[in-house]
Amino acid sequence: MPTFLGGFRYQIGRGLVEHHAVIFIALAIWLLYQARDGSFFKIILAGFFGVIGYWIRQDHLIIITMLVFFIIEPTHGTTKEVWRTYWEQIWTYWKRGFTYVGIVVFGVFLLCFRNWWVGGVFGPSVPIQSHPIYTGQDMTHFYNRIQIMVTAVDHGNPSLATFILLPGTLLGLLALVWRPKFLQNYPIAIGLALFGLFLPYWFVANWGYAPRYSIHLLPLTIISLMIVGDYFFKRFSKNKLNLHPPSKQI
């Protein structure tokens with residue numbers, strides 16, 4: 001439903017690849033989340049989807065790699081407890097994580113090999129000055145890009161999608177460093193994925209138009225709000241039942 005808010009719906013049918021890329025990111029998340037108790041087949045399939053997502057949009061490489069932490073979920077507890085659990089679980093599930101990351105790295109190698117085969121340059125892109133990759137920017141440019149992503153507008157008043165993108169992002173990043181009671185069941189992998197989502201845009205010089213670069217942020221922020229909303233909904237329902245206990249049968 002949020003896809004039809006504001007400018008998101010205008011991106012459909014324009015020949016852009018953002019929606020296609022985000023579908024493969026979502027599929028990778030879904031499979032990796034099940035991989036803790038699943039088979040290596042799900043890990044391999046998640047890696048396959050992740051590679052396709054990377055080939056569609058190269059600026060998604062970091063977030064696609066950071067999705068590996070969904071193998072460790074679900075985790076519960078305070079900030080200290082969760083990070084300690086993560087460190088312990090990394091040693092438990094390192095084979096599955098290494099398999100997924102290895103497939104993604106192999107996908108990067110295949111792209112570089114393809115560029116060398118057809119263009120004579122072994123790398124993810126042609127190293128020309130006007131290309132948006134590997135340019136480097138200052139903090140002001142980086143902040144402006146993040147602002148466009150979390151508001152889904154280039155300028156002016158925020159859109160309706162801002163009320164999903166902005167709080168969902170803040171909750172995910174907050175859960176990395178501070179976990180009050182309503183965030184103790186929040187998957188820290190979402191916060192790590194958000195960090196990996198924003199990081200490439202420190203290097204990207206040529207910027208597109210809003211909300212094109214908010215499309216792959218939308219699913220994570222929706223999940224983020226639903227997790228926190230579920231906590232408060234259950235708490236409200238529990239309090240309501242306590243206020244109105246069932247009458248005793250005579």
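The values are calculated or read from the model by the stated rules, or taken from the named source; none is laboratory data. What you see is a predicted model; the values in this text were computed from it and never measured. Heads up, the Cβs are rebuilt from the backbone with ideal geometry, glycines too, and the neighbour counts pull from every protein chain shown. Each accessible area value is taken on the protein alone, full model and side chains, heavy atoms only, with ligands, DNA and RNA left out. Shrake-Rupley method; radii C 1.70, N 1.55, O 1.52, S 1.80 Å.
Observations on the model:
- Cut-off 11 Å (backbone N to label point 7 Å along Cα→Cβ of TYR231), residues of the stretch 162-186: 171-172, 174-176, 178-186
- Principal axis dimensions, largest first and in whole angstrom, of the chain by Cα: 86, 48, 34
- Placing a pseudo-label 7 Å from each Cα along the Cα-to-Cβ vector at HIS155 and TYR209 gives an inter-label distance of 1.4 nm.
- Estimated [θ] at 222 nm from DSSP helical runs (n ≥ 4, -39500 (n - 2.57)) normalised by residues in the chain, nearest 500: -19500 deg cm²/dmol
- The spacing between the stretch 1-48 and the stretch 173-237, judged by their C-alpha centroids, is 15 Å.
- The residues of the chain present an accessible area of 58 Å² per residue when probed at 1.4 Å with all protein chains retained.
- Taking the chain as a Gaussian network of alpha-carbon nodes connected by springs under 10 Å, the highest mean-square fluctuation of the residues ILE29, ILE90, ILE71 belongs to ILE90.
- Protection proxy ranking, highest mean first, for peptides 34-46, 188-200: 188-200, 34-46, where packing is the per-residue count of other beta-carbon atoms within 10 Å, averaged.
- Of ILE164, ILE148, ILE12, the one that fluctuates the most in a GNM where the chain has Cα springs shorter than 10 Å: ILE12
- Residue-span extension gain [TYR86 to TRP116] - 0.36 nm each, minus C-alpha spacing: 6.9 nm
- Distant-in-sequence amide H partners of ARG179 (H built 1.01 Å from N, under 5 Å): THR79
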